[in-house]
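These notes are about the structure you will find just below.
What follows is calculated from the coordinates using simple rules that are stated; it is not laboratory data. Keep in mind that this is a model prediction, so the values were computed, not measured. All Cβ positions, even for glycine, are placed from backbone atoms using ideal geometry, and neighbour counts span all protein chains on display.
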Ligand code: EPZ
């Protein structure tokens, strides 16, 4: 039973300037990519989220030595003594992204043993695209119950065609191909900013990668890759979450280290709602000013550069208070509308049919006790709670901690009334002041 909860009280006109953390969906795969090298690498702008802690534990389990200066956001990873290729079920079950060590371990050892990553509440999250393309590269994949053993004598270069631009499959196959002698192509690849940050890292390691429009990645395999130093790209999903928290409260926000050119489909929807969005030169910096009477808009999620599925729930929270009706279509995951039920507890009017949500704007939302069902749903409930009259109590805080680095602190700095509470021995909830402990608690979830 989780003994932590988030408390959010109505908070109007959030305003200020915030530095966005490094991207969760870049740092996890880049940490995994270091297994392609042997030696000491340095990563900067690393967010101290629970998922990063899980990936540290995974690398250490394989023999890496990791030092993380959380305040300085600098991580040192020494892979000189990595000598294992088995990932424990405990680690796999804590974080699906653990599957991203598969490519590097196959490239280095020709072997990997791991528990199949479970699905999660937003979908079955299979890895069939990963496996069938690894098999095309000559990998022998054996599934024994919930365990997967994959081995290969020598990876063979292939022209791999993804039936869907899967982020994880692109990243796994890309990492394996960097050390596959010959030319490999990944056709219909995912090209999210986080994938491109991985490409930057692999090129720094000595990989030979070319991207051909519209979405083919060509890799010329090399014999070995060397350690690197890299600053993680900003987290566009945290940036979007901060903007949407500001939007729903009618405030204003400056994000100096966010690149608006990597968020344009999302930002254009905010413009359509009547908000003011200005992007700095070369995309550097975003200044956002909310309108007091936002219009309803419709959108559907799709792979980059389309509208990000990871901002769908947070945007829907805003649409609940917009004048008019909106249609929100989730096309990336098969079950990523569970936040609707929780928003309805707060007075939202939303009906769901298949992967489509019909939102009718209401005058006001009111605080309620709600449950977060995934990382982005937790953010959506916080955003709704900022506008709702009264107090919102959010359970499922481990999701929030997995995806964000103390985002509640950044929101507080902007004027939000939000804090974590923890139940003591007697079950009485008290405000949390010891974040270290709370993060450890989230990790153990
Ligand atoms: C990454 O997940 C992100 N996670 C997700 O962020 C993000 O929502 C997703 O990409 C889409 O952008 C990380 O990078 C750690 P996919 P991933 O493979 O790689 C299906 C967040 O909140 N599929 O692009 O798992 C899959 O079920 C998280 O930060 C297969 O069917 O996403 C899904 O419906 C959530 N077979 C769709 O493709 C496969 O082999 C997209 O999945 C692989 C995927």
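Highest-first packing order for the peptide set 280-287, 307-314, 67-74 is 307-314, 280-287, 67-74, based on the mean count of other beta carbon atoms within 10 Å. In degrees, nearest 10, range 0 to 90: what is the angle between the Cα axis of helix 50-61 and the longest Cα principal axis of the chain? Computed tilt is about 20 degrees. Just so you know, the Cα atoms of segment 298-445 work out to an Rg and Dmax of 15.8, 49 Å. Between 361, 424, 22, the GNM of the chain built on Cα springs shorter than 10 angstrom shows 424 fluctuating the most. Have a look at 418, 243, 122 and tell me which one the Gaussian network model of the chain (Cα, springs below 10 Å) gives the largest fluctuation. Result for the chain, Cα springs under 10 Å: 122 fluctuates most.
Can you list, largest first and rounded to whole Å, the semi-axes you get for the chain by taking the square root of 5 times each eigenvalue of its Cα gyration tensor? Could the numbers behind the result be given before it?
Numbers: eigenvalues 272, 112, 85 Å².
Working through the eigenvalues yields semi-axes of 37, 24, 21 Å.
Based on DSSP, what percent of beta bridges with both residues in segment 24-231 are antiparallel, to the nearest 5? Around 75 percent of the beta bridges assigned by DSSP in segment 24-231 are antiparallel ones.
When the Debye formula is applied to the Cα atoms of segment 360-433, each taken as the same point scatterer, what base-10 log of I(q)/I(0) results at q = 0.19 Å⁻¹? Debye output, listed in q order: -0.85. Relative to the longest principal axis of the Cα atoms of the chain, helix 24-33 runs at roughly 10 degrees. Axis of helix 167-177 versus longest Cα principal axis of the chain: the two differ by about 20°, to the nearest ten degrees.
Looking at segment 64-129 from every direction and averaging, what is the projected area of its Cα convex hull in nm²? Before the final figure, lay out each step's value.
Working: hull surface 24.0 nm².
Its average projected convex-hull area is 6.0 nm².
A Gaussian network model of the chain, with springs between Cα atoms under 10 Å, assigns the largest mean-square fluctuation among 128, 197, 51 to 128.
Can you compute log10 of I(q)/I(0) for segment 24-231 with the Debye formula, treating each Cα as one identical point scatterer, at q = 0.11, 0.13, 0.15 Å⁻¹? Taken in order of the listed q values, log10 I(q)/I(0) reads -0.45, -0.64, -0.88. Computed on segment 126-222, the Cα convex hull volume stands at 94 Å³ per residue. Distance between Cα centroids, segment 239-264 to segment 287-317: provide it in whole Å. Segment 239-264 and segment 287-317 have Cα centres separated by 11 Å.
Our note on the geometry: Cα centres of segment 21-97 and segment 352-386, 33 Å apart.
Given the DSSP H assignment, sum -39500 (n - 2.57) over each helix run of at least 4 residues in the chain and divide by its residue total; what's the result at 222 nm in deg cm²/dmol, nearest 500? Could the numbers behind the result be given before it?
Values: 15 runs with 142 residues, N = 445.
It lands at -9000 deg cm²/dmol.
Taking max minus min of the alpha-carbon positions on each principal axis, segment 185-325 gives extents of 58, 28, 23 Å, largest first.
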